[in-house]
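The values are calculated or read from the model by the stated rules, or taken from the named source; none is laboratory data. Predicted model, so just to flag it, every value in this text is computed and none were measured. For neighbour counting, all protein chains shown are included, and Cβ atoms are generated from backbone atoms with ideal geometry for every residue, glycine included.
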Amino acid sequence: MTDIFDKKKRSEIMSSVKSKDTQPELIVRRILRSMGYGYRLHRKDLPGTPDIVLTKYKKVIFVHGCFWHGHEGCSRAKLPQTNRKFWQEKIEKNILRDQKAFQDLRSLGWTSLIIWTCEIRDEEKLKEKITNFLLEDRIGRNDY
Ligand SMILES: [Zn+2]
């Protein structure tokens, strides 16, 4: 099928899903380091190959591109006008794959957090989200 995006735009979009060590991921990793958390990356032995794995806490973080993973209600997740059906099916498939990975992780005793690329802008809020996620069990709160 003909590509609706020019080369530059295409590589921009693809880079947010295919490649490891994307800019948003690096920012999340920097924040974790600055808070003193150790982590491992891209553990292939876990469902969904989580981007960041906090083994000690049995928690994983996925850094998700809003478009590719269908961030609900997010302006960055808006489908292009052309080839809508094609994109919709593609993204729905990604969402299903993500949900399956979270379920599989949960059944293995792991808790997952999604950080959306649109959340990267506000570092203070991001820090808060990560902290809440990592402290969740210890303070017995699960309502985030
Ligand atoms: Zn978003």
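Listed here are the residues, each with its yes/no results for (1) β-branched (Val, Ile, Thr); (2) touching a Cys at 6+ places or on another chain (Cβ under 6 Å); (3) within 16 Å of the ligand (Cβ to nearest atom); (4) modelled with pLDDT under 95.
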position	(1), (2), (3), (4)
36	no, no, no, yes
43	no, no, no, yes
62	no, no, yes, no
79	no, no, yes, yes
98	no, no, yes, no
108	no, no, no, no
116	no, yes, yes, no
120	yes, no, yes, yes
Checklist outcome for this item: With the first residue restricted to the range 66-85 and required to be at positive phi, and the second required to be modelled with pLDDT under 95 and more than 8 Å from the ligand (Cβ to nearest atom), Cβ contacts under 6 Å at 6 or more apart or on different chains are 83/4
Checklist entry - Name the residues in the range 49-65 that are part of a loop (DSSP other than H, G, I, E, B) and touching a residue at least 60 places away in the same chain (Cβ under 8 Å), would you? => result 50
Item to check | Qualifying residue in the range 16-25 (condition: in contact (Cβ under 8 Å) with a residue 40 or more places away in the chain, more than 15 Å from the ligand (Cβ to nearest atom) and either touching a His at 6+ places or on another chain (Cβ under 7 Å) or over 27 Å from residue 124 (Cα atoms) (or both)) | outcome: no
